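Worksheet: one structure, shown below.
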There are 2 protein chains.
Amino acid sequence: VNQRLTIAAHVLGLLAHHERSGRGTMTSEELAESVGTSPVVVRRVMAQLTRAGLLVTRRGVGGGAVVARAPEQITLRDAYDAVTAHEGELLGRHSHANGTSCPIAPVLAEYLNELYSDAEEALLRTLEGVTVAAMTREVIDRLERRARLDSAHR
Amino acid sequence: VNQRLTIAAHVLGLLAHHERSGRGTMTSEELAESVGTSPVVVRRVMAQLTRAGLLVTRRGVGGGAVVARAPEQITLRDAYDAVTAHEGELLGRHSHANGTSCPIAPVLAEYLNELYSDAEEALLRTLEGVTVAAMTREVIDRLERRARLDSAHR
């Protein structure tokens with residue numbers, strides 16, 4: 001997971017915001033510069049978002065990647081699922097303790113795997129509660145509050 | 001995190017259960033065999049649990065590692081904290097976007113770091129809700145239910 005979710009959230013937020021403010025799309029070079037990573041990494045994440053149906057690429061003049069749905073309808077859990085392809089197990093899984101003589105081991109392994117799924121689900125519900133639109137709005141609010149504080153202090 | 005939390009939960013559960021049933025402690029070799037991993041790995045996790053105050057080592061005849069508190073008072077979050085030493089960030093953190101020209105980047109990074117903390121806290125609360133005693137009880141219940149089913153089918 002590491003940086004991929006952060007880059008995905010950043011890319012979705014920037015593209016949605018750019019489009020809303022009538023500035024069209026951004027190239028992967030521009031996105032990479034803003035995110036502070038390499039265009040190669042950004043393109044890899046964009047490919048994952050496209051495969052998950054969160055981005056579409058428009059062809060032709062003024063073309064490029066745009067968000068596929070309204071930013072109110074994309075949650076950070078969608079972004080998480082796109083970059084992890086559900087393979088992402090945050091907590092370890094217990095291999096089913098083959099070849100141990102202890103009768104408790106496989107049952108404990110089964111119990112812990114269920115608990116880890118519950119714990120991960122709790123984490124993912126938090127991401128599900130945040131849409132790209134809400135994230136963008138909050139970030140812009142913070143920027144504006146700070147700009148007002150700055151000018152008040154001048 | 002991966003397997004360390006699972007091994008820690010397993011070790012705590014086995015030691016607590018063994019002690020309760022009056023069979024004293026277990027060596028790291030016995031624990032390793034039950035968990036299905038190597039004694040070296042088990043000893044490393046036991047050292048972390050000891051450092052966190054969850055295990056104590058009794059010296060002398062019949063000595064060895066025992067749980068330091070009642071299993072009702074040790075949660076899987078304690079075990080998690082012991083094996084990760086709070087270093088364990090499950091979700092990526094956004095480095096604070098140094099050297100990007102985009103004014104949004106650092107504020108978005110800050111926002112996402114807060115959200116990731118909230119999401120991880122939700123996961124950890126799930127682990128906090130489960131004590132070693134509750135885990136052990138549930139595992140023994142399952143074993144007994146299956147034993148009953150087995151004998152009913154015979």
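The values are calculated or read from the model by the stated rules, or taken from the named source; none is laboratory data. Just so we're clear, the structure is a prediction, and the values are computed from it rather than from any experiment. Quick reminder, even Gly has a Cβ in these numbers, built from the backbone with ideal geometry, and neighbours come from all protein chains shown.
Please enumerate the residues belonging to region A:112-140 that are β-branched (Val, Ile, Thr) and closer than 19 Å to B:Ser117 by Cα.
A:Thr126, A:Val130, A:Thr131, A:Val132, A:Thr136, A:Val139, listed by residue number.
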Matching residues, region B:104-133, being facing another protein chain (nearest Cβ under 9 Å), closer than 30 Å to B:Val11 by Cβ and of a type in the set (D, E, K, R)
B:Glu120, B:Glu121, B:Arg125
Considering only region A:60-67, I want to know if a residue exists there that is in contact (Cβ under 8 Å) with a residue 60 or more places away in the chain and part of a helix (DSSP H, G or I).
no
Residue list for region B:1-32, filter: in contact (Cβ under 8 Å) with a residue 40 or more places away in the chain, within 20 Å of B:Val61 (Cβ to Cβ) and charged (D, E, K, R)
B:Glu19
Number of the exception - B:Val139 against (1) surrounded by fewer than 19 Cβ atoms within 10 Å (Cβ to Cβ); (2) more than 13 Å from the chain's Cα centre (by Cα); (3) modelled with pLDDT of 90 or more:
(1)
Only one residue in B:Val56, B:Val35 is surrounded by fewer than 17 Cβ atoms within 10 Å (Cβ to Cβ), without any contact (Cβ under 8 Å) to a residue 60 or more places away in the chain and touching a Ser or Thr at 6+ places or on another chain (Cβ under 9 Å). Which one?
B:Val56
Consider region A:97-141. How many of its residues are more than 24 Å from A:Leu54 (Cβ to Cβ) and among the charged types (D, E, K, R)?
3
